[in-house]
1. Does any residue of segment 150-168 turn out to be in contact with a Lys or Arg (Cβ under 9 Å, 6 or more places away or on another chain), modelled with pLDDT of 95 or more and not hydroxyl-bearing (Ser, Thr, Tyr)?
2. Surrounded by 15 or more Cβ atoms within 10 Å (Cβ to Cβ) and closer than 17 Å to Ala122 by Cβ - does that describe any residue in segment 28-42?
3. If a residue must be more than 9 Å from the ligand (Cβ to nearest atom) and surrounded by 13 or more Cβ atoms within 10 Å (Cβ to Cβ), how many such residues does segment 18-27 contain?
4. Spot the failing condition for Gly111; the list is (1) within 16 Å of the ligand (Cβ to nearest atom); (2) farther than 14 Å from Val75 by Cβ, and only one is missed.
5. With respect to Lys15, determine if the residue is surrounded by fewer than 11 Cβ atoms within 10 Å (Cβ to Cβ), charged (D, E, K, R) and more than 13 Å from the ligand (Cβ to nearest atom).
Amino acid sequence: MNLDKAIRKVPDFPKPGILFYDITSIFTNPKAFKYVLGEMLKLYKDSGLDGIIAIESRGFVVGAPLALKMGIPLVMARKKGKLPGKTVSRSYSLEYGEATLEIHKEDLIPGKRWLIVDDLIATGGTIEATALMVESEGATVAGIFGIIGLPFLNYAAKIGKYGPKTLIDYHGE
Ligand code: AMP
């Protein structure tokens, strides 16, 4: 499977100078989507996960089928103000902008092992904020997954210790 071909690249989106790697073109391509899920299953089926934390919103699309296939819980890390229950929250800087994520506090059961998934890992700030929420509740980050990695933005400095995995890396934008 040539995953690169399935990923649309959009220059200067959402602002000049950013090359946007668009994974919606994976989701409209059933072969590519199936390949991504199959690779995720191979990576994580034997890793003793207790659950998956998927990051809004493109992380939901890969996190949900993986959790269902593995028969483990799916927890949603959502943008500020969307979750109705008591939440734990973290703010962080993005490659472009600032954001806050929240998770229902009662979902982050202390001692459980979580895989955090998103579509793309750029600076690692989004994943790091999520990992810090997991750890603040006494749970463990057992893995990090992004379909795409942009290692030149040095996400390893923030989240390298969690052993991040990607299916394809790009080395410029
Ligand atoms: P970061 O926190 O810097 O790792 O940014 C990751 C988040 O921003 C992910 O949710 C991505 O969807 C989005 N993102 C950052 N840079 C890009 C890019 N060049 N193309 C597509 N999405 C991106």
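The values are calculated or read from the model by the stated rules, or taken from the named source; none is laboratory data. The model shown is predicted, which means the values in this text are computed figures rather than measured ones. In this analysis, Cβ positions are derived from the backbone assuming ideal geometry, glycine residues included, and neighbour counts consider all displayed protein chains.
1. no
2. Looking for residues that are surrounded by 15 or more Cβ atoms within 10 Å (Cβ to Cβ) and closer than 17 Å to Ala122 by Cβ, one finds none in segment 28-42, hence no.
3. Final tally of qualifying residues: 3.
4. Evaluating Gly111 over (1) within 16 Å of the ligand (Cβ to nearest atom); (2) farther than 14 Å from Val75 by Cβ leaves (1) as the failure.
5. no
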